[in-house]
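A.B. asks: Attaching a single structure in structure tokens format; questions to follow.
Every number in this text was worked out from the coordinates using simple rules, so none of it is lab data. What you see is a predicted model, and the numbers here were worked out from it, not measured in a lab. Using ideal geometry, Cβ is built from the backbone for each residue, glycine included, and neighbour counts are taken over all protein chains shown.
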Amino acid sequence: MAVAPQQERPSEFRRDPYRGEWVIMAPGRASRPQPAMPHTLLDDASPGPFAAGHEEMTPPELLGIRNGGRANDSTWRVRVIPNLYPALRVEQGGPGTAEGPYDRMGGLGAHEVIIEDPSRGADLTTMDVGRVFEVLAAWRARLGDLRRDQRMACAVIFRHRGADAGATIAHPHSQLLTVPVIPPLLQNELAAMARYRAAHARCAVCDAIRHERATTERLVIDGGSVLALAPFASRVPFELLIAPTGHGHAFEDADEATLRQTAWVLKEALQRLDARAGTPPYRMWLRTAPWRGSDEEKYGFHWHLSLLPITSRVGALEEGTGLRINTLLPEEAAQLLRS
């Protein structure tokens, strides 16, 4: 029986109930040529400002996880500092104003950096799982503190790995941003989950977890209380969703056992990704419920980590329409990551 050429594999549209966005699955485009992407980082040739012993190069720390020692010395294992070049500032509040048909408001918000290890050469894939837990514990602690600011609507934590993912510094770190508005993509997820809940009286992520556990087709890691799966409507090759199997709306309320299991699943998933995809650059976001808005939307949300490897450039069609094109079916990605 003749086998169709790779480029003739059929395409299809898919949509997950918890994100509500359509994605084009186009495995036939996987063989198209791709240009090389640049690789430049500011600390490629030096330890950089985030390395232990260089604390004077950063603002004073907001949080430090260390054995003994004192604030702002070099004994830390995880360190949280204000971003030296913040996108937003907590002192830039003030009422919004209108200018004709336009709206403006002060650049209010917190912008922090979580330095995940004293060594520039470290990575979540190579750290001991207990160290990965400490990184997540720092996230939880800062979110718990920052949500007390009644001016803020929500927070986002994000992580780049590699220049092609948007990182400017190689030293392992993540960033936290709080904002007084709910960003459009989070609002879309809230709306999609609310629509699903209205139609089925259940959480969309909980239902997706039950389905993937039953079929195992897209299940990558089942850690009991936390799992990793390749989303049904994955936007890029090897996209991963990591979520608690029990419903939880706010990451900052996760208990220690859940956080430790999340650390293990995250490290294991990243190790498998590196082994199968050649240590790709990636972007990762923590999606957690907003602090403001209706209780139905907040408590109906299901927190999760969303990880998108960077395997190709985003084209004009994707940027102009919001329709992502994925060249690797999630079923095939999950099979590769399981093996």
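A.B. asks: Compute from the Cα atoms of segment 212-335 the Rg and the Dmax, the latter being the longest Cα-Cα distance, and quote both in angstrom.
C.D. replies: Final numbers for Rg and Dmax: 15.2, 43 Å.
A.B. asks: Only Cα pairs under 8 Å and at least 6 apart count here; give the relative contact order of segment 134-228 as a rounded whole percent.
C.D. replies: Relative contact order for segment 134-228 comes out at 17 percent.
A.B. asks: Rounding to the nearest 10 and keeping the result within 0 to 90°, find how far the Cα-based axis of helix 129-146 lies from the longest principal axis of the chain.
C.D. replies: Helix 129-146 sits at roughly 70 degrees to that axis.
A.B. asks: Whole-Å semi-axes of the chain's equivalent ellipsoid, largest first, each the root of 5 times a Cα gyration tensor eigenvalue?
C.D. replies: In descending order, the three semi-axes are 32, 25, 22 Å.
A.B. asks: Considering amide H positions built from the backbone, and no H for Pro or chain starts, which residues 5 or more places from VAL78, or on another chain, come under 5 Å of its amide H?
C.D. replies: Distant-sequence amide H within range of VAL78: ILE65.
A.B. asks: Could I ask something else about it? Cut-off is 10 Å between beta-carbons; in what order do TYR85, TYR299, TYR18 appear when sorted fewest neighbours first?
C.D. replies: Going from least to most buried by this count: TYR85, TYR299, TYR18.
A.B. asks: Over what distance in Å are the Cα centres of segment 43-116 and segment 182-209 separated?
C.D. replies: Distance between centres, Cα-based: 32 Å.
A.B. asks: Rg (Å, one decimal) plus Dmax (Å, integer) for the alpha carbons of segment 105-161?
C.D. replies: 13.8, 43
A.B. asks: Then there is this: Listing HIS111, HIS211 from the residue with the fewest other Cβ atoms within 10 Å to the one with the most, what is the order? Mind showing how you got there, number by number?
C.D. replies: Values: HIS111 19, HIS211 14.
Taking fewest neighbouring Cβ atoms as first place, the list is HIS211, HIS111.
A.B. asks: Something else: Find the all-direction average of the projected area of the Cα convex hull for segment 271-310, expressing the result in square nanometres with one decimal place.
C.D. replies: 3.6 nm²
A.B. asks: Calculate how steeply helix 256-277 sits against the longest principal axis of the alpha-carbon atoms of the chain, using the helix alpha-carbon long axis, and give the answer as 0 to 90 degrees to the nearest 10.
C.D. replies: 60 degrees
A.B. asks: Just to confirm the number: angle between the C-alpha axis of helix 204-215 and the first principal axis of the chain, 0 to 90 degrees, nearest 10?
C.D. replies: Compared with the principal axis, the helix lies near 50 degrees.
A.B. asks: Within the chain, which cysteines find no other Cys whose Cβ is under 4.7 angstrom from their own?
C.D. replies: Cys with no partner Cβ under 4.7 Å: CYS154.
A.B. asks: Cα atoms only, segment 128-263: Rg and Dmax in Å?
C.D. replies: For segment 128-263, the Cα radius of gyration and maximum Cα-Cα distance read 16.2, 45 Å.
A.B. asks: Can you sort ILE209, ILE115, ILE325, ILE310 so the residue with the fewest Cβ neighbours within 10 Å comes first?
C.D. replies: Neighbour counts put them in this order, fewest first: ILE325, ILE310, ILE209, ILE115.
A.B. asks: Next up: Of MET25, PRO290, LEU146, which is farthest along the charge dipole of the chain in the positive direction, counting Lys and Arg as +1 and Asp and Glu as -1 at C-beta?
C.D. replies: Result: MET25, furthest along the dipole toward the positive end.
A.B. asks: Please sort 240-253, 116-129 by packing, taking for each peptide the average over its residues of neighbouring beta carbons within 10 angstrom, highest first.
C.D. replies: 240-253, 116-129
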